[in-house]
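K.L.:
Here you go, one structure.
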Amino acid sequence: MIDSIPPSHPQLAVSAAIFRDGKILLVRRARSPGKGFYSLPGGRVEFGEALLTALTREIDEETALRVEIVGLAGWREILPGTGGGGHYLIMSFAARWSAGEPRLNDELDDFKWLAPDALGDLTVTDGLEDVIAAAGRLIEP
């Protein structure tokens, strides 16, 4: 979970591009930051927590899915804007779905399994298409 009051230092977060039967899982954020935007499941890394442990925990908390993590697909940095907001470094991983059906927690209000090139007119987070493309190359080289 990422708080609505930004901390005074950068935060490390993780996300997963989860592939299942050629489709990618997108989730819509129900709270700020990112309220109303479709993105990848994930969240903040806790102090002393390994990245992959944090990723597995966040996927479980947000979607209840089980996945096989394939590798690092990329990263992006979100800087505080003129209207405030936090400073985040998000490490995004490629993953394969292995079990479960999405059961969203209260941080999310919708999900979609879509072809990676069929995001259409969804409101998505900056850089999402690039992360999905990089993750896709890891999943199906």
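K.L.:
Taking only Cα atoms and a 10 Å spring cutoff, compute GNM fluctuations for the chain and point out the largest among Asp121, Asp130, Asp110.
P.N.:
Asp121
K.L.:
Further question: Could you state the orientation-averaged shadow area of the convex hull built on the Cα atoms of the chain, in nm² to one decimal? List each step's numbers first, then the result.
P.N.:
Values: hull surface 31.8 nm².
Taking the Cα atoms of the chain, their convex hull projects to 7.9 nm² on average.
K.L.:
Using a simple spin-label model with points 7 Å from Cα along the Cα→Cβ vector, what separation in nm is obtained for Asn105 and Trp75?
P.N.:
Taking the two extended label points, one gets 2.4 nm.
K.L.:
As I understand it, the value is the acute angle between the Cα axis of helix 128-139 and the longest principal axis of the Cα atoms of the chain; what does it come to in degrees, rounded to 10?
P.N.:
For 128-139 against the chain, the angle is about 40 degrees.
K.L.:
So what are the ³J(HN,Hα) numbers for segment 16-32, from phi and the Karplus equation (6.51, -1.76, 1.60; θ = phi - 60°), rounded to whole Hz, Gly and Pro as x?
P.N.:
Computed from phi, the couplings for segment 16-32 are 10, 8, 8, 9, 8, 6, x, 10, 10, 8, 10, 10, 9, 6, 9, 9, 6 Hz.
K.L.:
Okay, moving on. Longest exposed-loop-site-free stretch of the chain, with trypsin sites (Lys or Arg not before Pro), DSSP loop and at most 15 other Cβ within 10 Å?
P.N.:
The longest such stretch corresponds to 36-102.
K.L.:
Next question, about the same structure. Does anyone have the angle between helix 51-63 and the longest principal axis of the chain? Alpha-carbon axes, 0 to 90°, nearest 10?
P.N.:
80 degrees
K.L.:
Loop-only chymotrypsin sites (Phe, Trp or Tyr not before Pro) in segment 1-104, please: DSSP not H, G, I, E or B, and at most 12 other Cβ atoms within 10 Å. All intermediate terms of the calculation are to be shown ahead of the outcome.
P.N.:
Working: sites: Phe19, Phe37, Tyr38, Phe47, Trp75, Tyr88, Phe93, Trp97; in loops: Phe37, Phe47.
Counting only loop positions with at most 12 other Cβ atoms within 10 Å, the chymotrypsin sites (Phe, Trp or Tyr not before Pro) in segment 1-104 are Phe47.
No lab work stands behind these numbers, since they all come straight from the coordinates. Predicted model, so just to flag it, every value in this text is computed and none were measured. In this analysis, Cβ positions are derived from the backbone assuming ideal geometry, glycine residues included, and neighbour counts consider all displayed protein chains.
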